[in-house]
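First comes the structure, then the notes that go with it.
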Amino acid sequence: MRLSAPIPNQDFFEHFAEALLISAADGTPLYLNPAFTKLSGYSMDDLNLLNDANLFRVRVNYDQVVSEKATHWETGITKKDNNISWVKVSLSPITLADGTQGKVYTVADNPSIDQMKNLLKESETRFTTLADASPVMIWMTDQDNLCYYFNKSWLDFTGRKFEEELGSDWIRGVHQDDMMSFNNINHLLMERQNYSCEYRLKRNDGTYRHILEIGTPRFLPDDSFAGYMGSCLDITEMKEAQNELATQTSELKRSNEELEQFAYVASHDMQEPLRMIGSYIHLVQKNIESGNLNEVNDFMKYVVDGVGRMQALINDLLQYSRVNKKGSAFTNVNLNEVLKIAVTHLVNRISENEAEVICDSMPAVIHGDQSQLIRLFQNFIDNAIKFKAAERKPVIRICVKEQDNFHEFSVTDNGIGIDEKFYNRIFVIFQRLHTRTEYEGTGIGLAVCKKIVERHGGEIRLESKLGEGTTFYFTLKK
């Protein structure tokens, strides 16, 4: 086809083996040869559809090529059927028939780029196949740290569609209480460093599982940041095993401490009544041998008293050791009924001491061991009566406050109070703060209370003022 304004050597261009496109200086296309038509699908009738930016729009930096007066480059051209063909382009000047300057584009197939494109596509397919086959959850982000890829394991875990997870929408599955975990790694993300963090992620069944996430930054050949690639592993069983190990370690430590306390009891508290029994038995034997029976009955009273004290120590020690091992299975317990029974067990003691017990309305139901909970309140009330102030009648107030995951109880008395320096001894078995002549008992009641509270997953503490009274605080899970 001839141009209305002939181009120099047009007959030569018509038979030229390589694809040619000739344009004016402003980029207006003037001519294309049959080889170009074969390569691109465009013909001379389509000249009005072509311009530099349109034809070579695959090359992102085309403007830079023009401004730098590049004469050779590799790019992709958009063919008439909208497919992309990767080519090598050479640009040369030409003087048109009217004497103005134009441009000649020589376009040749670049099979190496097509081959690279195919290899890239194959690589992407291989990665997707491997990632989807992995039991580990895998994801990728762009330069703005917005997720654009999730593998099959992730989608199977969350039960959500690919489109529902894109960008930052996946964060909706993270437990609200664990959002702080991401704040702790923000500085690592800003510095493009490796990181790891833990959080809970909602599974497709609605439960939250513990997740260990590891992220690695990706960089392009020019060292520019491309985003993060990471993996997520469900570590719930491992966390449970760690917690179980920590619990067993704590229990072992507690058992060792109790063993040390038992050794102390065996060497001190139990030895003292044994020594007394031994001494008076020796005196009884001596008096019988000498025929002096006048004081034997008195001596035997001391022996019986020592035996009784020894028996009380052994019984209390057995009671303390059985809190965990011999406790009943947890059931739903009505605490109002528990408190009523505890007060009933002490009705005579309350009456004899003219004590007043004031109780809040208790939670209707709590999960626990009913007999131990009765013993818990009974011990606190009995302890408050035992250590009453001489100048006033005992008043015991039992209150409760509801917290998020537990109830906090308080038992307040107006007794003699406890010196702060003894706070760390008050819950230790047989650690008495007063002599037996002042106050009866073996000193195990509060130690049992502490053990019962801990078995129910709670904590116990106290506040006290000498001469004014004491408040014991303890928690029980809902």
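The values are calculated or read from the model by the stated rules, or taken from the named source; none is laboratory data. Here the structure is a predicted model, which is why all the values come from computation and not from measurement. Positions of Cβ are backbone-derived with ideal geometry, glycine not excepted, and every protein chain shown enters the neighbour counts.
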Filtering the range 146-159 for residues that are crowded, with 16+ Cβ neighbours inside 10 Å and either outside the structural domain of residue 209 (by TED's automatic domain parsing) or touching a residue at least 24 places away in the same chain (Cβ under 8 Å) (or both) leaves a count of 3
Enumerate the helices (runs of 4 or more DSSP H) found wholly within the range 329-402, keeping only those where 3 or more residues are touching a residue at least 40 places away in the same chain (Cβ under 8 Å).
370-386
When residue 30 is run through (1) assigned to a helix (DSSP H, G or I); (2) modelled with pLDDT of 80 or more, the failure sits at (1)
Those residues that are assigned to a loop (DSSP other than H, G, I, E, B) and touching a strand residue (DSSP E or B) at 6+ places or on another chain (Cβ under 7 Å), I need them from the range 14-27; list them, please.
18, 25
If residue 351 passes every condition in (1) at pLDDT 90 or above; (2) closer than 20 Å to residue 449 by Cβ; (3) not charged (D, E, K, R) but one, which one does it miss?
(2)
Inter-residue pairs, beta-carbon under 6 Å, first without any contact (Cβ under 8 Å) to a residue 24 or more places away in the chain and in the range 289-302, second aliphatic (A, V, I, L, M) and in a helix (DSSP H, G or I), 6+ apart
296/284; 299/283; 299/284
Filter result for residue 18 (more than 18 Å from residue 86 (Cα to Cα), modelled with pLDDT of 80 or more, touching a helix residue (DSSP H, G or I) at 6+ places or on another chain (Cβ under 7 Å) and not hydroxyl-bearing (Ser, Thr, Tyr)):
no
Of the conditions (1) surrounded by 14 or more Cβ atoms within 10 Å (Cβ to Cβ); (2) at pLDDT below 85; (3) part of a strand (DSSP E or B), residue 58 satisfies every one except a single condition; which number is it?
(3)
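Which residues, counting only those in the range 403-414, are closer than 27 Å to residue 454 by Cβ and either of a type in the set (Lys, Arg) or in contact with a strand residue (DSSP E or B) (Cβ under 8 Å, 6 or more places away or on another chain) (or both)?
403, 405, 406, 407, 408, 409, 410, 411, 412, 413 - these are the residues of the range 403-414 that are closer than 27 Å to residue 454 by Cβ and either of a type in the set (Lys, Arg) or in contact with a strand residue (DSSP E or B) (Cβ under 8 Å, 6 or more places away or on another chain) (or both).
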Any chance the range 366-373 includes a residue that's under 24 Å from residue 464 (Cα atoms) and of a type in the set (Gly, Ala, Ser)?
no
In the range 281-315, anything among the charged types (D, E, K, R) and not in a loop (DSSP other than H, G, I, E, B) is listed as 286, 289, 298, 301, 305, 309
Residue 168: among the small types (Gly, Ala, Ser), under 20 Å from residue 148 (Cα atoms) and surrounded by 12 or more Cβ atoms within 10 Å (Cβ to Cβ), yes or no?
yes
State which residue is surrounded by the most Cβ atoms within 10 Å (Cβ to Cβ) when the search covers only the range 399-421 and only residues that are farther than 16 Å from residue 446 by Cβ and among the hydrophobic types (A, V, I, L, M, F, W, C).
406
